[in-house]
Structure formats: C-alpha cells, structure tokens
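The values are calculated or read from the model by the stated rules, or taken from the named source; none is laboratory data. All values reported here derive from a predicted model rather than from experimental measurement. Positions of Cβ are backbone-derived with ideal geometry, glycine not excepted, and every protein chain shown enters the neighbour counts.
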Amino acid sequence: MSVKNTIADYLNEHSESDNGIYELDTGLSKSYAQVVETANIINNTLVIGEGSILTVVLPNSILYVEYFVASMLGGWIFNPIPYFTQVQELDKILSYVNPDFIITDRNDIIKSCKDTHKLISSHDYLKSDYKKIVSNIRSDMPAALYYSSGTTGNPKGVIYTHENMVSLIGSIVRGFKFSKKDRQLALLPFGHTASINYNILPSLMVGCDLYISQGFEKLRSNFFKVLSDYKITYTQIVPTILFVLNKLKVDISKIDLLDISFIGCGSSTLPIKAQDEFFDKYNIPISNLYGLSETGPSHIDDPRELGWSSGSIGQPLDVNECKISIDGEILLKGKNIFHSYHKNKKLYDKVVEDEWFHTGDLGFIKEGKFYFSDRKKDLIILGGINIVPMEIEEVLYNHLNVLECAVVGKKNDLHGEEIVAVIVPRDSSYDQKKFSQELKKICKEKLSSYKIPRIIYFWESIPKTHSKKIMRRKVRDEVNNY
Amino acid sequence: MSSEKLLDRIKKILSEILGSDDIPDDASQNDFTEWDSLAYLSVVAQLESEFVIEISENNINNFGSIPDIIKEIEACQ
C-alpha cells in the first residue's frame, strides 16, 4: 500500500469511482477522476513552487475544490478567504499574508491588486494539457494557512500541515462515520474552515458524492426538497439558518427525509431550545459542532448514540484529548493542533503549553459529556462568523470626536449576537444622530458590511480596571441589560 | 393599518437591521451592500415577529425590497 501523506493521495484512490462533485446552482458535475485531472492540469500550467502561498477568493464551486487539490499536489499553501470580503479589508489581510499568488474571479479585487500581486485568472488552467503530476509532498509540509482576524485585533494565520490535515480529517471520518456511500451537501461559504473540514476534505478522503450550493440564499425555498431529491446524508448549517428553518412553514409530509441521519450546526452558540424545536418539527436531530481554526473540529456530538440528548458538544474526536483547566478553560492536545501562526511564534508559545492548546473557551464536563459554556476571549460571533471587536474599534477611532470606544456583542435571537459600539465623545454637544451616521459611514468604507455596528450608544465613560484597561465583559453585561 | 404606517414600520425594521437612517420608500437589496444574506434572514425573521405573516418555502424569497415586502404583508391580511 502506498504512503498517503496528503488528502490528495486519498483522493487518487477514488479516481476509478463514479462518485464526484455536483454544483446544484449550475448543474455542472465532475467525477473525482475529472477533478484530479483538472488539478493536475492546473499544476502543469501554473508555475508555482512548493511552499508558495496561494490566496483563494472564489465562490463555492467545483473549481474551488480543484484548486485545493492542485495545491495539495504542488505543495502550495492554500489560503482561503471568504468570497464576500470587502476590498479594503482584503488589502489588510494580503499585507499580512503576503501571498505569492491570488486567484479570484472578482473584478474589484483584480482591479485593486493587479499592480501589487501576481493574479491568476480562475480559468488559466485551460491553457495546458493533462499530464499526471508525480507528487512527493511530505506530511510535515504546510498545507493551509487559515486566516483569522485574531482575538486582539492583530491578524493571525493558522498554519496547518498535511499531517495535521490528514490526522484531523481521518478522525472526523471515523467519528462522524462518513463513508463512500454518503452524499454530502456543502452550503456554507468555502472561505471558512467549517465547510472545508466537515464537507470538502472528508468527501475527498472517502470519495463520497459532494453536492455544492453557493449559499443558503439559493436553498431558502427548497432546502428540504434538495435534501430529499439528492438523498443527502449529511449537511451542516449555522444557528441563524436553524432559527429561520424553525420559523418556516413547510409541508414535509410528502418528502422522504430518511437518508439524513442528522444535521451539524456550529460556529456559534446553539441554544438547546432551537435544537429541540427543529427535531420536534422535522424529526431530524441537530448535532452541536465545536471546533476552532487552530484545531479544526475537536468533538463529535452523535445523535445516533443510544440515550443521546441535546445540549452538549459530545466526546472528543479520537485525534485529540480534551480536558478542562482549573479556571474552566477547554484545552486540547493531539495531531490536529496547528503547526504555528504565520509570522508570530510568540503568540503560538502563549496559547500552546506542553502541547496543550488553550482554546480561550470555557466549558465543563457533566456525566462524561463535554459542554461549551462561554467564551473567555472577547470575540463577537454573529451568524457563525467570528468578529474581533478591536478591529472595529480601530476604525471608529478614525473619527476625531471619538474619545474612547468599546465594541461588544449584544444577544440576538437570530444571529446569536449583534454588534454594539459604545462611544465616549470628545464633544458631547455634537449631534448624536449625525455622529452615528458618520461613524457608520467610516465603518462602511473600511469594513465588510456585516462588521458595521448595528447599535451605537453614547456614554459618559467606559468602565475600566485600575490599570485603565477597558472592562469589556462589564461593558458587555451593561449593554445586554440596556 | 394605513399604507403610510405600514411603510414606516418596515423602514424602521430595515433601518435597525441595515444600520442606516436613510431608507428610501423603494429600498431593495441591490441598493444596500449591508442587505446581505445574513441581513436578509434578519429582515424575514423580524417581519414574521412584527406582522401576522407566514414565512413559507413559497414566499421566503419575496422579501428583497420594500415594495415586495408590502405585497407579502398585504397578501397575508
């Protein structure tokens, strides 16, 4: 048996299979043999050396997966960025990541980056003929750089090696009991790690059918019909989608939903009430997903287990151990723990101690099951997307009348949290309505739309510690009781 | 409910969700980058809470502009 160092090595074993990838929105489909062939052509066409960083800003598509596989074959570092990231924000990411190549089909990005970066048109690979690549990628080589804004406002890039990736995905396949017979539906944005880790890579590893949608907005009116028509066995959503599905009036009495054993739901806190309501309404259990960019999914909450009940994040996947520290933090240790942070060894040393990764999340164990209870970090999670308050505060300080500010999350039934900015004005006589409009305008120019504060409060002061540090947790509590 | 009052209530919802005080009477998704897929779900959920309307697979895609929202609300009354 040949040595398999990368997910592409596993995929090669399925090149004789009839299974493949299907785009629901366009009708396009390709077998895995064709996907591997295109990935080889991409490699033959593009002159990209091992270890080069390839930033990818593409919509959910087969082509996206083909570039991912090409990246594995070529030993490139795959750097996925959410497709709808605003250009100004992307500039900031690119100056940190410093990619060797960018691939995108977005004209605004092409226009903005054409003089500063090497750009690849998404269909450049068509220029070459097929020639099989002899791939000799070692397991300790970096496979991906997952960008995140970081918890302190400083960007961070999580470097994941092929060993990290193969260990994690193998464990997910075992934990979730994925097999070649599955039919996965991927609808969350591919620029985030959730789709990559739960849908794309497990499908490539086991060679099961993978159905792709460009987003939930394309499935709002026929989500359950799609599950039924394509006999989907696994998909995943975020709590915001779950809440809307719970509100939806839909007749599923004539729809066969027997193939789907459960739906995964994660990326932000999942209320038990919503989890149970969905099961009562559709008779499909919701599995509570937990994980971070640095580790990938770390637990399996398997509704197929005897005596299963909603609420917990289940048991650790076999790739890692999990324990709760004395101060209640969730700690993880295993081959899924990331290799390093891009250009930031100091931060890595701070969060990984004796091989234990400190998640910054609080949790507890009850009756042998793990529970997530709160974040120790200051992140705001809106509709499953992590938002760093400091990034928004930095932008707000561009207004001359902002003396102090603090951005926090306020509980929101639909999105989990919404963004609130608390401002202490220099000149309190300044018209508040006009001030709010100006602050939102500044944010709109510099940030992606979902990061613009929805609510702005004007306070006389912001609570601080003796060392003058903002007491963010106290601000958050006050805002939530406002 | 008068059509002016209905319009005002819808504009108030959109103003809160989109974070903008300037919502024209015929506002649509094409006019606001903030009215993305997440905001769309917020608008639908908020309308469902405030008005006597039923969100179904048949009408869930019909809430992308103020004129369309008014049509849906009126159809449910």
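Observations on the structure shown:
- Within region A:408-435, the set of residues being closer than 12 Å to residue A:392 by Cβ and small (Gly, Ala, Ser) comprises A:409, A:421.
- If you filter region A:227-239 down to residues that are in contact with a strand residue (DSSP E or B) (Cβ under 8 Å, 6 or more places away or on another chain) and farther than 18 Å from residue A:291 by Cβ, you find that the one that is farthest from the other protein chains (Cβ to nearest Cβ) is A:233.
- Where residue A:385 falls short, out of the listed (1) among the β-branched types (Val, Ile, Thr); (2) out of contact with any helix residue (DSSP H, G or I) (no Cβ under 6 Å at 6 or more places or on another chain); (3) more than 13 Å from every other protein chain (Cβ to nearest Cβ); (4) buried (at least 20 other Cβ atoms within 10 Å of the Cβ): (3)
- Residues in region A:302-322 that are in contact (Cβ under 8 Å) with a residue 24 or more places away in the chain and either farther than 23 Å from residue A:353 by Cβ or of a type in the set (Lys, Arg) (or both): A:302, A:303, A:304, A:310, A:311, A:312, A:314, A:315.
- Condition check for residue A:455: surrounded by fewer than 17 Cβ atoms within 10 Å (Cβ to Cβ), at the interface with chain B (Cβ under 10 Å from one of its Cβ atoms) and either touching a Cys at 6+ places or on another chain (Cβ under 6 Å) or of a type in the set (A, V, I, L, M) (or both): yes
- Residues of region A:302-324 satisfying the condition of being among the aliphatic types (A, V, I, L, M), surrounded by fewer than 22 Cβ atoms within 10 Å (Cβ to Cβ) and in contact with a helix residue (DSSP H, G or I) (Cβ under 7 Å, 6 or more places away or on another chain): none
- Checked against (1) within 14 Å of chain B (Cβ to nearest Cβ); (2) surrounded by fewer than 22 Cβ atoms within 10 Å (Cβ to Cβ), residue A:344 passes all but condition (1).
- Restricting attention to region B:33-55, the residues that are surrounded by fewer than 17 Cβ atoms within 10 Å (Cβ to Cβ), without any contact (Cβ under 8 Å) to a residue 24 or more places away in the chain and more than 18 Å from residue A:412 (Cβ to Cβ) total 2.
- Residue count, region A:97-106 (criterion: more than 17 Å from residue A:43 (Cα to Cα) and either assigned by TED's automatic domain parsing to the domain that holds residue A:447 or over 19 Å from the mean Cα position of the chain (by Cα) (or both)): 4
- Only one of the numbered conditions (1) modelled with pLDDT of 90 or more; (2) β-branched (Val, Ile, Thr); (3) surrounded by 14 or more Cβ atoms within 10 Å (Cβ to Cβ) is not met by residue A:462, and that is (1).
- So residue A:262, is it within 28 Å of residue A:386 (Cα to Cα) and either of a type in the set (Lys, Arg) or modelled with pLDDT of 95 or more (or both): yes
- Matching residues, region B:27-77, being assigned to a helix (DSSP H, G or I), within 11 Å of another protein chain (Cβ to nearest Cβ) and either charged (D, E, K, R) or more than 9 Å from the chain's Cα centre (by Cα) (or both): B:29, B:37, B:38, B:39, B:41, B:42, B:45, B:48, B:49
- One residue stands out in region A:419-446 among those that are surrounded by 21 or more Cβ atoms within 10 Å (Cβ to Cβ) and either within 25 Å of the chain's Cα centre (by Cα) or more than 13 Å from chain B (Cβ to nearest Cβ) (or both): the one that is nearest to residue A:381 (Cα to Cα), namely A:419.
- Taken over region A:370-403, the criterion of being in a strand (DSSP E or B), farther than 19 Å from residue A:193 by Cα, touching a residue at least 60 places away in the same chain (Cβ under 8 Å) and not hydrophobic (A, V, I, L, M, F, W, C) is satisfied by A:371 alone.
- Candidates A:303, A:271 - the one that is closer than 24 Å to residue A:172 by Cα and under 20 Å from the mean Cα position of the chain (by Cα): A:271
- Unmet requirement for residue A:257, which otherwise passes all of (1) in a helix (DSSP H, G or I); (2) under 30 Å from residue A:14 (Cα atoms): (1)
- Per the listing A:450, A:430, A:457, the residue uniquely aromatic (Phe, Trp, Tyr), closer than 22 Å to residue B:14 by Cβ and not in a strand (DSSP E or B) is A:450.
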